[in-house]
Amino acid sequence: MASSSKRPRPSASDADADAATLDATADARPAGEQPVPHVRVAVIGSGFGGLGAGVRLRRAGITDFVVLERADSVGGTWRDNSYPGCACDVPSHLYSFSFAPNPDWPRSFSGQPDIRAYLEKVADVFGLRPHLRFNTEVVEARWDVERTRWRITTTAGRWTADAVVAAAGPLADPQIPDLPGLDSFPGKVFHSSRWDHDFDLTGKRVAMVGTGASAAQIVPAIQPKVGRLTVFQRTPAWVLPRRDRTITELEKWLHGRFPFTAKVRRGALFALRELQVDAFVRRPALLRTVQRIAERHIADGIADPALRARLTPDYRIGCKRILLSNTYYPALAAANTEVVFGGLREVRGSTLVAADGSEHEADAIVFGTGFHVTDMPLGSKVFGANGTSFAEEWKEGMEALRGSTVHGFPNFFFVIGPNTGLGNSSMILMIESQLNYLIDALTTLDEIGATAMQPTARAQRRWNLELQHRMDRTVWTTGGCRSWYQDRSGKNTVLWPGSTTAFRRATRKVDLTEYELILRQEDRPGLPATAAGAGEVLV
């Protein structure tokens, strides 16, 4: 165990001094080259996870940090996904930070513009603007074993950091299938998360590829204005009614004047979703009642028996993401909409060839085909203590200790890491739990005088073996479907097989018996100096 002597937490001025020290002792640089700034923490991404990390760091007295954002504004997925009809499928008062309640949500399920505005307000109210670095994409992060810190290369320069927080999120990098002939398509092509607002769909022949959560919102939004809408469906989704309504001015007034009323509302929404967890993770048979509601919803929205049959999934509800919409089925049944079953196979000029061989003309293709989730692009850019990347370490599937840290990658913390996703509740609850874990880890390092920490291979493996054992009983494993929750081998590396309350307990504090602590040699008086700055692992 490391010494219990306290190590003062750096202040902003300390960070400047640390940077100056680094510059004086770093490897020789060519004359005139700018010093490499050093920070205590580098946060990647400025969505809910990144902004939440910034708030919690400041509250913990850690002010020497930067938030590296590849775009030109905050918002993450709520900045990128601006497609027509984009909205959240979690109630607004639960889809917000507990430390930043918003009494002015306009609807019970708010739209993308309102959620993005909320995140902009969080950045302003909590003083995060000075920490933000826009148009700064991380191209490499590499652990420096000798100096026990991260070296970060971005499109806007370099940094070094004691710790890195990866808050880029799993829904950051769009995935478009590699279709034969797609490059030769003469019309417009874009992904739902990269919507081209300059392209007018009015009167056009539009192909929507995919029938997931984005498509269920896009299809009803564009169907009335396009000339012809062709929807390519590989697998139908279960859809439930959306209980959405305008939040009254009286409700807003009450929540603003008497904040406890908003807390009661949030608590009720939270409790309702916690009660649903057992059906998803332990007793999927309990979902039969919910499935009957979904079947009635199809019957109410689709009059044609043949179309209704093709839109009815053959797997148990909950196995894939459940969609919420009151307008999706009527849009699919509209006269100018055609649903093509089996998906898109290839493109021949302006002709789209379906899996069944049928041909369809289009002026534009919109891909609602998801994101790189189980093969996150960041994985190939981050290199740990042994020089290997996350992509190499995770060839057999992503895994982390408590969804947050990974053996071989000291002081690297995930927000929305492996197996922290949810199938029925708000991801903000999970994000806040991981932020608790992050802050406890950083303050613990200060208290015990260590420089860095990484989970032991044994602790990480034990956690994931137990997690996957619990996954075997869930609806995502037993429900009879193949989903984006699973990697190529069929392993679910995305979702958390438990309640948000259980995850909060699991990440409340860092258990040092699960970690190796790392000191710099120069931080250990009385020890002979070997390789200058080399780190020593203390188990």
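The values are calculated or read from the model by the stated rules, or taken from the named source; none is laboratory data. Fair warning: this is a prediction, and the values are worked out from it, not measured in the lab. Positions of Cβ are backbone-derived with ideal geometry, glycine not excepted, and every protein chain shown enters the neighbour counts. With ligands, DNA and RNA removed, areas are computed over all heavy atoms of the protein, side chains included. Shrake-Rupley method; radii C 1.70, N 1.55, O 1.52, S 1.80 Å.
Since only Met471, Ser499, Trp484 are under comparison, the one whose Cα sits farthest along the positive direction of the charge dipole of region 462-509, derived from C-beta charges on Lys, Arg, Asp and Glu, is Ser499.
In this label model, Ala355 and Asp124 are separated by 4.8 nm, measuring between points 7 Å along each Cα→Cβ vector. Partner aspartates and glutamates whose Cα lies under 17 Å from the Cα of Lys509, excluding those fewer than 8 positions away in the same chain, are identified as Glu432, Asp440, Asp446, Glu447.
For region 361-454, the square roots of the Cα gyration tensor eigenvalues, ordered a ≥ b ≥ c, give a/c of at least 1.5 with a/b no greater than b/c, which places it in the oblate category. Were the residues from Thr327 through Thr153 laid out at 0.36 nm apart, the gain over their Cα-Cα distance would be 58.1 nm. Once the C-beta distance of Ile293 and Thr261 is scaled by a Förster radius of 30 Å, the resulting FRET efficiency is 0.55 to the nearest 0.05.
Would region 241-390 count as rounded, prolate or oblate if I go by the C-alpha gyration tensor, calling it rounded below 1.5 in a/c and otherwise prolate when a/b exceeds b/c, oblate otherwise? In terms of gyration-tensor shape, oblate.
Using the Cβ of Arg292 as centre and a radius below 13 Å, the other residues enclosed give a net charge of +1, where K and R count +1 and D and E count -1.
If you take every residue apart from Pro455 with its C-beta less than 15 Å away from the C-beta of Pro455, what net charge results, scoring Lys and Arg +1 and Asp and Glu -1?
So the environment of Pro455 carries a net charge of -2.
Accessible surface calculations at 1.4 Å, restricted to protein heavy atoms, place the chain at 43 Å² per residue. Simple spin-label estimate for Arg243 and Asp300 gives 1.3 nm between the two label positions (7 Å along the Cα-to-Cβ direction from each Cα). Among the aspartates and glutamates, select those whose C-alpha is under 16 Å from the C-alpha of Lys381, and discard any that sit fewer than 8 residues away in the same chain. Cross-link targets: Glu69, Glu137, Glu140, Asp144, Asp173, Glu392, Glu393. When the C-alpha to C-alpha distance is required to be over 22 Å, the pairs from Lys320/Lys395; Lys320/Lys491; Lys121/Lys263; Lys188/Lys225 that qualify are Lys320/Lys395.
The trypsin sites (Lys or Arg not before Pro) of region 224-278 meeting both criteria, a DSSP state outside H, G, I, E and B (loop) and at most 13 other C-beta atoms within 10 angstrom of the site's C-beta, are Arg243, Arg245. Peptide packing: for 417-425, 276-284, the average count of neighbouring Cβ atoms within 10 Å per residue gives the ranking 417-425, 276-284, highest mean first. Full extension of the chain between His197 and Leu512 yields a length gain of 108.4 nm, computed as 0.36 nm times the residue separation minus the alpha carbon distance.
Legend: translational diffusion of the chain by Stokes-Einstein, Rh = Kirkwood radius over C-alpha pairs, 4 °C, 1.567 mPa s; D = 52 µm²/s.
Candidates Asn326, Ala385, Tyr83 compared by Cα position along the dipole of the chain: farthest toward the positive end lies Asn326, with charges placed on Cβ. The fraction of accessible area contributed by carbon and sulfur in the chain is 52 percent, rounded to a whole number (1.4 Å probe; ligands and nucleic acids excluded).
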